[in-house]
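A.B. asks: First, the structure itself, so that you have it in front of you.
Quick note: the coordinates plus some simple rules give every number you see, no bench work behind them. This is a predicted model, so every value here is computed, not measured. Cβ placement follows ideal geometry from the backbone for every residue including glycine, while neighbour counts extend to all protein chains displayed.
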């Protein structure tokens with residue numbers, strides 16, 4: 001049995017894990033390695049990619065920076081989250097704001113240290129990334145369009161770090177990035193619809209608040225239709241192996257999303273739609289394995 005002090009420490013750990021969204025970071029780490037093995041460095045031996053110390057440092061620096069980003073975002077959104085996510089917010093508040101800020105600076109410092117072991121360019125890259133996340137949380141997040149655009153760009157930036165490391169400029173990579181960017185943009189806009197109440201109270205000028213729910217749904221419809229462009233290219237122009245199954249499934253899910261978005265009115269409806277988009281993203285990460293199911297045999 002745990003004593004009171006041990007329970008308190010355990011609760012604080014779960015609180016901090018909730019703040020930095022450790023489950024999201026784990027998915028991003030897996031996605032970075034999957035993208036490296038199957039897309040960005042697909043022509044290199046498997047061991048050379050998996051045991052590349054520089055890649056490991058880039059992934060680690062990305063994880064620390066993202067964790068710091070979640071902390072600073074939580075810091076600025078603490079009042080809004082009390083309205084939009086009351087249960088999660090109560091858990092997050094078990095760790096004081098001062099402690100969160102201390103962790104924020106430590107994580108960013110460690111991220112830069114990790115980047116310095118790769119190159120000076122990596123230090124510059126992650127320093128700019130850290131500043132961009134802070135500026136987004138502090139200023140841009142409350143602005144319509146630019147806030148959504150910045151959030152989507154910041155989300156795919158860790159993959160851009162690996163892209164720059166491998167210097168692989170194949171067209172298929174940009175098409176994959178286009179598909180991911182569009183899905184993330186849809187997720188951000190759906191999240192705004194989900195959080196209208198808290199955003200309105202805290203004077204956030206999001207797209208649903210500035211232009212209305214109908215305009216937001218029109219934009220989501222346009223974004224969903226635009227995903228058909230990279231989907232078509234990946235299915236019929238570029239080779240994606242058995243990952244074609246994922247793109248057919250994601251298209252069906254997006255069709256269901258489009259039907260449901262126009263009859264959605266409540267927070268719970270938008271939460272379901274948000275989770276559908278998250279499912280598409282997570283399935284996409286693990287579906288990368290389907291690009292080459294014989295990778296272990298062929299690239300050892």
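A.B. asks: Determine the shape class of region 95-238: with a ≥ b ≥ c the square roots of the Cα gyration tensor eigenvalues, call it rounded for a/c under 1.5, and otherwise prolate if a/b is greater than b/c, oblate otherwise.
C.D. replies: Cα axes put region 95-238 in the oblate bin.
A.B. asks: For residue 211 paired with residue 17, estimate the spin-label separation in nm (one decimal), with each label point 7 Å from Cα along the Cα-to-Cβ line.
C.D. replies: The answer from the label model is 4.0 nm.
A.B. asks: Which of the peptides 200-207, 174-181, 70-77 is most tightly packed, and how do the rest follow, judged by the mean count of other Cβ atoms within 10 Å per residue?
C.D. replies: Descending mean neighbour count gives 70-77, 174-181, 200-207.
A.B. asks: With a 10 Å radius around each residue's Cβ, average the other Cβ atoms per peptide and rank 105-111, 188-194, highest first.
C.D. replies: Going from most to least packed, we get 188-194, 105-111.
A.B. asks: Please compute, for the alpha-carbon atoms of region 171-300, the extent along each of the three principal axes and give them in descending order in Å.
C.D. replies: Taking the Cα atoms of region 171-300, the three principal extents are 56, 25, 24 Å.
A.B. asks: Taking the mean number of other Cβ atoms within 10 Å as a proxy for protection, how do you rank 224-230, 154-160 from highest to lowest?
C.D. replies: Top to bottom by mean Cβ count within 10 Å: 154-160, 224-230.
A.B. asks: Further question on the same structure: Suppose only helical runs count, i.e. DSSP H with n ≥ 4. What mean residue ellipticity at 222 nm does that imply for the chain under -39500 (n - 2.57) per run, divided by all residues and rounded to the nearest 500 deg cm²/dmol?
C.D. replies: The per-residue figure over the chain is -25000 deg cm²/dmol.
A.B. asks: If I model a spin label at residue 9 and residue 117 as a point 7 Å from the Cα along the Cα→Cβ vector, what separation in nanometres do I get?
C.D. replies: Result: 2.7 nm between the two label points.
A.B. asks: Something else: Where does region 146-222 land on Rg/Rh, using Cα atoms and the Kirkwood Rh?
C.D. replies: Rg/Rh for region 146-222 comes to 1.09.
A.B. asks: Same structure, new question: Sorted from largest down, give the three principal axis spans of the alpha carbons of region 11-169, whole angstrom values.
C.D. replies: The Cα atoms of region 11-169 stretch 49, 36, 26 Å along their principal axes.
A.B. asks: May I ask for the Rg/Rh ratio of the chain, computed from Cα atoms with Rh as the Kirkwood radius, given to two decimals?
C.D. replies: So for the chain, dividing Rg by the Kirkwood Rh gives 0.97.
A.B. asks: Let me ask something else. Under the definition of Cα pairs under 8 Å and six or more residues apart, what whole-number percent is the relative contact order of the chain?
C.D. replies: 22 percent
A.B. asks: Another question about this same structure. Expressed as a whole number of Å, what is the distance separating the alpha-carbon centroids of region 1-70 and region 199-255?
C.D. replies: 26 Å
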